[in-house]
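Written below as C-alpha cells is the structure these notes are about.
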Amino acid sequence: MMGPSGCGKTTLLRIIAGLEGMTSGTIRLQEKDITYLPVHQRNTPMVWQSFALFPHLNVQQNIAFGLTLTAHRKAEVKRRVREIAAMMHLESLLDRRISQLSGGQKQRVAIARALITEPKILLLDEPMSALDPHLRVRMQAELKRLQQSLGISFIYVTHNQNEAFSMADRVVVMNRGSIEQVGTPADIYSRPTTHFVAEFVGSNNLFDGEVIEVGQDTVTVRCPQGTMQALWREQPHQMGDRVTIVVPAERVFLAIADNSAENKIDATLRGFEFMGSQVIYFLETDTGYEVRMIRQESLDHSLAIPINSRLQLTWKTRDTVLLGERIQ
Amino acid sequence: MTQKLPISTPRSPARWLPQETSLLKYLCLAPAIIYDSIFFLLPLIFLVWIGFWSVENYRAVPGFSLSNYLDIFSQFFTRSRYGFAIAQSLWVAFTTTALGILLCYPFAMALVFLVPERLQRLLLVLAIMPFWTSYILRLYAWQTILNNNGLLNTLLVRLNWIKDPLQIMFTQWGTRIGLLHYLAPIMILILYLVLRNTDRTLMGAARNLGATQWQTFWRVVLPLSKPGILYSAVFGLIISLGDVLSGTILGGGTGQSILGKFPLFSAIILNEYAASTNLPRTSALATLLIGIMIVILMTGFKLAESEQ
Amino acid sequence: MSTQQKRGIDLGLAIAGWVYLLLGFIFLMLPIVTLIAFSFENARFPTLPWAGWTMQWYQELLTDGRLLQSLQRSLIVSPLAAAAATVIGFFAAYALNRFNFPGKNLLSTLFIVPILVPPLILGVAFLGLLSRLNLQGQILSVFLAHVVILMPTAIALIGLRLAQMPKDIEEAAWNLGANEWQALHRVILPWAIPGIAGAWLLAFTFSFDEFIIAWFVSGFEPTLPVSIYTFLGANLSPSLNAMGTIVFGISVVLLIGVELLLLPLLLDRQSSVQKDETA
C-alpha cells in the first residue's frame, strides 16, 4: 500500500490488525470474516516501524512471546523459536538484550516474533524507515525471498515508490483516504488510471485538453500547448470531452533525433539535473507550461545542450495514456 | 476514476477496540475511586457537616444551623481570639513562604547554573535529604540548637558576637525556622526542575544581544520560572497554614511575633480537639481553615491561568 | 573551560554562589548532624565543648520498650500502607494513562487532592469517620488513613513512568495475541516496575514520618512519631538523639533506593533503556 503521508495507508493497516475502529465495512481473511474479532484474536501480526520489541525480554523471549500466551510445552516452544531464528539468521543472538541489537537485527527479531504463530498474513508498517539506506536494499531482497518461501501474504505499507515497485506483486495506491488504483507495478507505472497516480508515480507529463476528433483507436486533442493525439483504451471519447494526456518523461525525445513521431511541441530548455545514470531536462513551452524529458545519459556522454536553447520535442502516440476529465 | 472500498450495509464494528470502553478500565479505576470516596470524601463531607450541628445541653445535636459560625465570629477578636490566631497564622505563613522562595531560589539557581552536570544530581539528593528524616526529630534537634543555652547561642556568646542569648524559641521566628527547614527541600526541588528546563538558547540569545548577567536573569530566566515560583508559593502557604508541629515545638504554642503573642490557628484547632468539649464548633473552625486554603488555591489557579 | 566560564558568569558571582550553596547545605544538614553527633555525647543535655563519647543512649533506647514498640508498629504499618497505596495506584495510573473518557480531568484532580488537604484537617476528618465505625485508636486506623494520603504520590510517580513507555509495545502485545490482562501483567507491569518501586519507597518514607494523622487516629497504639511527641513533652532524653540517628539510618537506606530509581524519572526525559533503543 503506497501513498503520500496522511493518505490513510497506515490507518488501513491498523484497521486490518484491529487497532483502529471502523464505522462500516467487512474484513475477510481467506474467506473468514474477522470484522468482529478483537485485535488479539485476529492473528494478523504486524512489524512496527519502531519494531516495538519488548525491552525487558531478550531476543529469544521476544520471539517466543506469541506462543507463550497459550499453553504450549516448553520443548515445543523452544523448537519453534530455533526454527524461526534459523530462518531469520538469528541463532547466535538468542540471548542478547534488545538494547544490544543493531537496527537490522531488531528488524529481523520483529519479523521472527510476528511469524512464530504461523499467521496467514503479515502486516508491515514502513519497516525499512528505521534502517540505513544501504541496508534497505539488502533487506528488501531478503524480505521478498522470505515471503515467497513462506507462501503467505505480506501487506506492506510505504511511501517509497522504489520499495513498492521492487518488492510488490500488487500495489494499492492511496490518496486522502481513498484507493486510487490497484494493480501490478507495471500497471501502476505505465497505465495509470487516475490523475493522482499519473502524477505521483514515476515522472509524467500531463496535458489537459478537449477532444476535437475521434478516430479508429486514437483521439485528437487540442491542448493549450498544442494539438496532440492519444490512444484510447477502454472506451472512445466524444467530441468536446475534456481529457488529459499522460506522456512519460522517458518517452519524450528531441525531434532532431526522431522525426517520425506523431506529436510535436516547441519548448525552451530551462535546466537539467544529473541523477546518476539519467538526466532530467526541464523545459518550458511557449504557454509557460513545464515539460520534462528524461534521457539515459552519463556525465561523460551528455548532450551538453545550452540553457535557453529552443528545441522541438516529440513522442509517439502509442506511448501515451488517456485519462478522463480531471476531478478537482 | 477513483475506486472506493466496497461498503456493505452499516453494522457496528468490532467490539473490543483499544480506545473504547472495556471492563478493564472500570476494574482498574474502581479501587481508587471507592477507597477515596469512603476514606477521603466521606470524612471531609462529614466534617463540614458537623460544623453545622448545634450544641444543646453540652451534647452535639445533628442538624443544620449556623450557630457555631455565629459563635465563632462573635468572639473573633475578643474572648477566644480566633481572629488574631488566623491573622497570626496568615502572617507567619506568608512571611515564611516569601522568605523560603527568596532563600531557595538562589540556591536552586546555583545548583542549575554553577554546579557541573555530574555533581548536580548528587547535590540535589543531598538537598532533598532532610525530607527523608523525621520532621519531629528535626524539630527536636532545632530545639537543642536554638535554645537559650543551645548550640547557636553558646557559639555566639563564646565568639563574643552577642552578650545575652538570642530569644528564638517561643517566638514565631522559631516557628519560621522549623517551617523553612521543612519546606526548603521541596521548594528547592520545584525551583531546580523549573530552572533546569530554562531554554538555554533563549539565554544565549539574550547574551548575544548584549544583555548582562543580571539582565539575562531578570528578563529571561526569572519570567520563565514564574510557574515554579507560583507552585512553591501555593505549596508553602498551604503547608504553613496547616502545620502544627513547628508552631508548638519551636514556637511554644503561642509564639511571639510582630503582631503579638498569639497562637497559630492550627494549634488552636489541635488543642480544642484534644480537649474535645465542643466538637461541632471545632469542626466549624477546621472548615474555616479549609475555606481559607481553598481561597489560596483558587487564587493560585487564577494566577497560573493568567500566566498562560 | 569551567562550567561558570562557559555560562558567562563572572568569578565573583561564582564564588558568591558556591558560598551560598555551602551555607544552604549547612542549614539543611545542621539538625541531622546535631542529632547524630549528640547521640554519642556523654551529657544529659547537648553542650559544647564535647563531653566525651558514650553508647549509653542507644542502650537506654533498646531497654525502653515503648519507643521500640512504636518503632515496630511503624515498621509494620508503613510498608503495608505503602504497598496498598502502590497497588491501587498502579491500576489507577494504568487506566488514566491508557484510556480517555469524559470526566478524566475531574477524576485526576480527585486523585491528587488528598495530598493538598492539610494533614491536620484530614486527621480530624478521619477520626470523625473511624469513630463512627469504631475503628479508631488502633494501628489499623493508621493504615486506613495513610493509604489515602499515599495514593496521590503513587499515582503520580507510576503515571510518570508509564508516560515514558513506548506507545507501541502494548499494541504489539495485543497484536501478537495477548488479551488486555496478559498485556498488562507481561508487558506493562515489567516496564512500570522502577516507578512502582520508587513510589513504594517514597510512600514508605512519608508514612513512616507522618505525625498528625497518626496522632489523631492511633490512640493507644501509637506510631513512632506520635510516641516521640509524647516523649518530648514528658522527658527530654538524649536517647531521642539515638532514635533520631536510627531513623536517619533507615532513611538513608531508603534514600539510596530512591536515588537509583526516582531521580532518573524526574530528571531524564527518556529512561536509559530507551536511549539504547535508538543506537
Quiz item: Where does each of B:Ser246, A:Ser260 land when they are ranked from fewest to most other beta-carbon atoms within 10 angstrom?
Solution: A:Ser260, B:Ser246
Quiz item: Say each of A:Thr23 and A:Arg82 gets a label point 7 Å from the Cα, pointing the same way as Cα to Cβ; how far apart are those two points in nm?
Solution: 5.3
Exercise. Report, by chain and number, residues whose modeled amide H sits under 5 Å from the one on A:Val47, excluding near sequence neighbours (fewer than 5 apart, same chain).
Key: A:Leu123, A:Leu124, A:Asp125
Self-check item: Rounded Å value of the spacing that divides the Cα centres of region C:113-161 and region A:161-215
Solution: 67
Quiz item: So what's the angle, to the nearest 10 degrees on a 0 to 90 scale, between helix C:119-132 and the longest Cα principal axis of chain C?
Solution: 80
Quiz item: Which of the helices in chain B, when you take each full DSSP H run, stretch at least 30 Å along the axis at their Cα atoms and have an average Kyte-Doolittle score of -1.0 or higher?
Solution: B:82-113, B:172-196, B:279-307
Quiz item: How far apart, in nm, are two points set 7 Å out from the Cα along the Cα-to-Cβ line at B:Tyr69 and at A:Met275?
Solution: 7.9
Practice problem: Might you report the magnitude of the Cβ-based charge dipole of region A:9-190 about its Cα centre, with Lys and Arg at +1 and Asp and Glu at -1, to the nearest 20 debye? | Solution: 580
Quiz item: Between A:Arg318 and A:Thr268, what length comes free when the chain is fully extended (0.36 nm per residue of separation minus the Cα-Cα distance, one decimal in nm)?
Solution: 15.5 nm
Exercise. Relative to the longest principal axis of the C-alpha atoms of chain C, give the angle of the C-alpha long axis of helix C:11-38, reported between 0 and 90° and rounded to the nearest 10°.
Key: 60
Practice problem: Quickly estimate the mean residue ellipticity at 222 nm for chain A, helices only: each DSSP H run with n ≥ 4 gives -39500 (n - 2.57), and the total goes over all residues, rounded to 500. | Solution: -7500 deg cm²/dmol
Quiz item: Say the dipole of the protein assembly as shown comes from +1 at the beta carbon of Lys and Arg and -1 at that of Asp and Glu; which of A:Ala114, B:Gly300, B:Ile72 then lies farthest toward its positive end?
Solution: B:Ile72
Quiz item: To the nearest 20 debye, what charge dipole does region B:81-307 have about its Cα centre, counting +1 at the Cβ of each Lys and Arg and -1 at the Cβ of each Asp and Glu?
Solution: 320
Quiz item: Can you pull the mean other chain C-beta count within 10 Å for peptide C:23-29?
Solution: 6
Practice problem: Quote the FRET efficiency, to the nearest 0.05, computed for B:Phe76 versus A:Ser129 with a Förster distance R0 of 45 Å and r equal to the Cβ-Cβ distance. | Solution: 0.05
Quiz item: Counting only residues 5 or more places away or on other chains, whose amide H sits under 5 Å from the amide H of B:Phe52 once H atoms are built in the peptide plane?
Solution: none
Self-check item: Exercise: per-residue mean of other protein chain Cβ atoms within 10 Å, B:137-150
Solution: 6
Quiz item: For the residues B:Tyr69, B:Tyr135, what sequence is obtained by ranking on other C-beta atoms within 10 Å, fewest first?
Solution: B:Tyr69, B:Tyr135
Quiz item: Rounded to the nearest 0.05, what FRET efficiency is calculated for C:Met55 and C:Ile112 with R0 set to 45 Å and r the Cβ-Cβ distance?
Solution: 0.50
Quiz item: C:Lys104: which lysines have alpha carbons under 17 Å from its alpha carbon, excluding same-chain residues fewer than 8 sequence positions away?
Solution: B:Lys25
Quiz item: Which ordering of A:Glu91, A:Glu284, C:Glu210, B:Glu272 is given by a fewest-first count of other beta-carbon atoms within 10 Å?
Solution: A:Glu91, A:Glu284, B:Glu272, C:Glu210
Self-check item: Local electrostatic count, C:Ala242, Cβ distance below 12 Å [Lys/Arg +1, Asp/Glu -1]
Solution: -3
Quiz item: Over all residues in A:23-29, what is the mean tally of Cβ atoms on other chains that come within 10 Å of each residue's Cβ?
Solution: 4
Quiz item: If you build a Gaussian network model of chain C, linking Cα atoms that sit under 10 Å apart, which residue out of C:Ala37, C:Ala183, C:Ala16 swings the most?
Solution: C:Ala16
Quiz item: Where the only charges are on Cβ atoms (+1 Lys, Arg; -1 Asp, Glu), what is the dipole of chain C about its Cα centre, to the nearest 20 debye?
Solution: 320
Quiz prompt | Cα long-axis angle, helix C:239-267 against chain C (0 to 90 degrees, to the nearest 10) | solution = 20
Quiz item: What does the highest-first list of B:168-177, B:185-194 look like by mean Cβ count within 10 Å?
Solution: B:168-177, B:185-194
Quiz item: Hey, rough spin-label estimate for B:Arg196 and C:Leu80, points 7 angstrom out along Cα→Cβ, what's it come to in nanometres?
Solution: 3.6
Exercise. Return the aspartates and glutamates within reach of A:Lys78: Cα separation strictly under 16 angstrom, same-chain partners fewer than 8 residues apart disregarded; answer none if there are no such residues.
Key: A:Glu91, A:Asp95, A:Glu118
Self-check item: Long pairs among A:Lys264/A:Lys316; A:Lys120/C:Lys167; A:Lys106/C:Lys167; B:Lys226/B:Lys302; A:Lys120/A:Lys144, criterion Cα-Cα beyond 21 Å
Solution: A:Lys120/C:Lys167
Self-check item: Cα lying deepest toward the dipole's positive end in chain A, options A:Val246, A:Ala230, A:Tyr189, charges on Cβ
Solution: A:Tyr189
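All of the numbers you see were taken from the coordinates with simple rules; none came from a lab. No experiment lies behind these values; they were computed from the predicted model shown. Every residue, glycine among them, receives a Cβ derived from its backbone with ideal geometry; neighbour counts consider all protein chains shown.
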